[in-house]
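The block underneath contains the structure these notes are about, expressed in structure tokens.
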Amino acid sequence: MSMLPPGEDRKRFSILRIIVAIFVVFFVGHLLDLQVVNAPAIKEASKSKREITRVISAARGSILDKDSKVLAKSIFRYDVNVAPIKVAPVERQVNGATVTMTVEQLATRIAAILGKTESEVLKQMSGKGVYANLAKNVNSSVMTQIESLDLPWLWTDERISRVYPNGAVAGNLVGFITADGATKAGLEAQMDSCLAGVDGKESFDQGSDGIRIPESAVVAKVARDGGDLKLSIDTNLQYFSQQVLETAVKNERADYGTAIVIEVKTGRLLVAAEAPTVDPNNPGASKERDRQGKIFTNTYEPGSTMKMITAATAIDDGKATPATQIVAPFKVKMKWGTWIKDSDKHPTLHLTLAGILRDSSNTGIMQIGAKVKRSVRVSYMKKFGLGEPTSLGMTFESGGILGDTKNWDGQTDLTSMFGQGIAVTPIQMAYAYQAIANGGVRLSPKLFESCKKANGQVTEYPVGQAVRAVSESTARSTVDMLEKVVEQGHIGKTAAIAGYRVAGKSGTAQIKQGNTYGYLHAISFIGLAPADDPKYVVAVMLYKSRRTSSSIGATPIFKQIMQQTLRAYRVPPSTTKSREIPTEW
């Protein structure tokens, strides 16, 4: 055996110590690098791999009627999810003893809660994935039962759904929201600033298996729920009106119908009904044209309901009184060669202005209107609210069509007096009659009452400026004449309501097809009651009625809705008689 030279072992030991020292320095340095120098970056990288950030959806506010009945609201729904790779038996304490529950037993319990079969649930729970959905949009009761199972591989995710408890009631107003939360129509879109909340944000850790780690959630931003929008709509009366209107549209085979109820003294819009309309819970079941408010967007020629405005204008301008006498033939030939006729053939009549409205004479009203300068008549039309949208600012709302009034041809100048050659929206004509019922003052429509935010702050919505359309005496005289329409008129009589004084005017307007008028009509009736102290205006219209070509198809709708309104608001019957006005001479 060879021996190491003296001192060689110490030399080797020194070399070993140096090598060990180098390794120690290297590892300590690396450790310092990991735990001190680059620790924040490493921690952040690790965190990013396990941390999940999730949006906390804010609840959208409710849409309420005047009595706080819910037209739209948000509810919490839940998705039930499972991590198949982690599915395993669990132990439970039963009467002090530890019992193992098999996967099959757990699947049976889960299936019973979800309303599925055990085989369905077992199939969904099988596999090597970290995520599978067992059920979507379950209610809170189901969610509570699922979470009470306390299974580490089974969990629920919260989601918010929009529901409309009254279905299609006021669907044309309320609008709807798509499955992905996009506002698509109606007040859901227009009043989003009130209804929409502000989403929050939370972070939580998940394990390598993709399962959320309990107690790891950190809320970075608290969700703020949206506000509640309160409307002037009367849900019960809206429902009744829609039912009446839907029946009439079907019976008359019309394209659509509208019905409006206004509280005269406040301008509150109690009913804005349409048929057909949309059920916001299932908008896809309705045609696209029926998913928006035609009351505000669609125009039609008003026909003889316009005669009220022409008559009131002439009285207010000092050019006529209810007793002004006119000779009204069946037809009159214009100097440009066309004829203006009344709807029914008759001998030459001697009518007062009241009689002209009663008989709805075109040849008579154009003689009354001709007494007033065109520019003056146009200014009154605008004071009555024609030619521009209402102050509500509804989405796609139309202002109607007056055209270039300064350059009207002779035909339009005359026919506009009885509602042809111009176009209006149903809401415009309804509020023109509200002005007459309200002593000559046209109020802006009041649909939005308030927005109540989640923190309790309430904001009242301002109402547009009131406009005096005509004097109080003119308004009273006009109401008196309209009362004769209902008392004595051939069609008007069908709008009478026992026990109440009713005033109103019918309208039948041919609908243009291209450049000429076709055989279809827009038929309407607008009235107010009680005539001695008007409380409510009801305006109804059927567009393209195919069964009835006169407004006698509209008066039954008016009568039913007005009767229900008077009954619902307990308006006492009239105790006075109408004013005596001559209608003929």
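Just the residues that are closer than 30 Å to Ala314 by Cβ and surrounded by fewer than 16 Cβ atoms within 10 Å (Cβ to Cβ), please, taken from the stretch 433-466.
Gly464, Gln465, Ala466
Write out, first by first residue and then by second, each pair whose Cβ atoms fall under 9 Å of each other, whose residues are 6+ apart or on separate chains, and whose first residue, in the stretch 402-430, is in the same structural domain as Gly518 (by TED's automatic domain parsing) and in a strand (DSSP E or B) while the second is crowded, with 23+ Cβ neighbours inside 10 Å and among the aromatic types (Phe, Trp, Tyr).
Ala423/Tyr300; Val424/Tyr300
Can you pull out every residue in the stretch 508-531 that is in a strand (DSSP E or B), among the hydrophobic types (A, V, I, L, M, F, W, C) and within 23 Å of Val485 (Cβ to Cβ)?
Correct list: Ala509, Ala522, Ile523, Phe525, Ile526, Leu528, Ala529.
Conditions tested, residue by residue: (1) in contact with a strand residue (DSSP E or B) (Cβ under 9 Å, 6 or more places away or on another chain); (2) at pLDDT 90 or above; (3) among the basic types (Lys, Arg).
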residue: Lys69; (1), (2), (3): no, yes, yes
residue: Ala72; (1), (2), (3): yes, yes, no
residue: Asn95; (1), (2), (3): no, no, no
residue: Thr98; (1), (2), (3): yes, no, no
residue: Ala107; (1), (2), (3): no, yes, no
residue: Lys116; (1), (2), (3): yes, yes, yes
residue: Gly127; (1), (2), (3): no, no, no
residue: Tyr131; (1), (2), (3): yes, no, no
residue: Lys136; (1), (2), (3): yes, no, yes
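State yes or no: is Arg358 at pLDDT below 95 and farther than 16 Å from Asp413 by Cα?
Against the criterion (at pLDDT below 95 and farther than 16 Å from Asp413 by Cα), Arg358 does not qualify.
Please indicate, with yes or no, whether at least one residue in the stretch 332-342 is loosely packed, with under 14 Cβ neighbours inside 10 Å, under 23 Å from Thr425 (Cα atoms) and either among the hydroxyl-bearing types (Ser, Thr, Tyr) or out of contact with any helix residue (DSSP H, G or I) (no Cβ under 6 Å at 6 or more places or on another chain) (or both).
no
Find the residue count for the stretch 56-88, including only residues that are over 30 Å from Lys452 (Cβ atoms) and not charged (D, E, K, R).
Within the stretch 56-88, residues that are over 30 Å from Lys452 (Cβ atoms) and not charged (D, E, K, R) number 8.
Mind counting the residues in the stretch 358-401 that are surrounded by fewer than 19 Cβ atoms within 10 Å (Cβ to Cβ), in contact with a Lys or Arg (Cβ under 6 Å, 6 or more places away or on another chain) and either part of a helix (DSSP H, G or I) or among the acidic types (Asp, Glu) (or both)?
0
Residues checked against (1) more than 19 Å from Tyr78 (Cα to Cα); (2) among the charged types (D, E, K, R):
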{"site": "Val99", "(1), (2)": "yes, no"}
{"site": "Thr102", "(1), (2)": "yes, no"}
{"site": "Gln105", "(1), (2)": "yes, no"}
{"site": "Ala112", "(1), (2)": "no, no"}
{"site": "Glu118", "(1), (2)": "yes, yes"}
{"site": "Leu134", "(1), (2)": "no, no"}
{"site": "Ser140", "(1), (2)": "no, no"}
{"site": "Gln145", "(1), (2)": "no, no"}
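Restricting attention to the stretch 73-121, which residues are of a type in the set (D, E, K, R) and either in the same structural domain as Arg60 (by TED's automatic domain parsing) or out of contact with any Phe, Trp or Tyr (no Cβ under 6 Å at 6 or more places or on another chain) (or both)?
Across the stretch 73-121, the qualifying residues are Lys73, Arg77, Asp79, Glu91, Arg92, Glu104, Arg109, Lys116, Glu118, Glu120.
Restricting to the stretch 294-310, what's the tally of residues that are buried (at least 24 other Cβ atoms within 10 Å of the Cβ) and β-branched (Val, Ile, Thr)?
4
Going by the conditions given, is Val424 buried (at least 18 other Cβ atoms within 10 Å of the Cβ), under 18 Å from Gly507 (Cα atoms) and among the β-branched types (Val, Ile, Thr)?
It is true that Val424 is buried (at least 18 other Cβ atoms within 10 Å of the Cβ), under 18 Å from Gly507 (Cα atoms) and among the β-branched types (Val, Ile, Thr).
If Ser549 meets every condition in (1) part of a loop (DSSP other than H, G, I, E, B); (2) over 23 Å from Glu263 (Cβ atoms); (3) modelled with pLDDT of 95 or more apart from one, which number is that one?
(3)
Please go through the stretch 431-467 and pick out each residue that is part of a helix (DSSP H, G or I) and either without any contact (Cβ under 8 Å) to a residue 24 or more places away in the chain or of a type in the set (S, T, N, Q) (or both).
The answer is Gln434, and nothing else.
Let me confirm something: among Val537, Val470, which residue is assigned to a strand (DSSP E or B) and either in contact (Cβ under 8 Å) with a residue 60 or more places away in the chain or in contact with a helix residue (DSSP H, G or I) (Cβ under 9 Å, 6 or more places away or on another chain) (or both)? Step through it out loud before you land on a result.
Details: Val470 fails: assigned to a strand (DSSP E or B).
None of the others qualify; the one that does is Val537.
How about the stretch 257-269: which of its residues are outside any loop (DSSP other than H, G, I, E, B) and out of contact with any helix residue (DSSP H, G or I) (no Cβ under 6 Å at 6 or more places or on another chain)?
Glu263, Arg268, Leu269
The values are calculated or read from the model by the stated rules, or taken from the named source; none is laboratory data. None of these values were measured; they are calculated from a predicted model. FYI the Cβ positions are ideal-geometry reconstructions off the backbone, even for glycines, and counts take in every protein chain you see.
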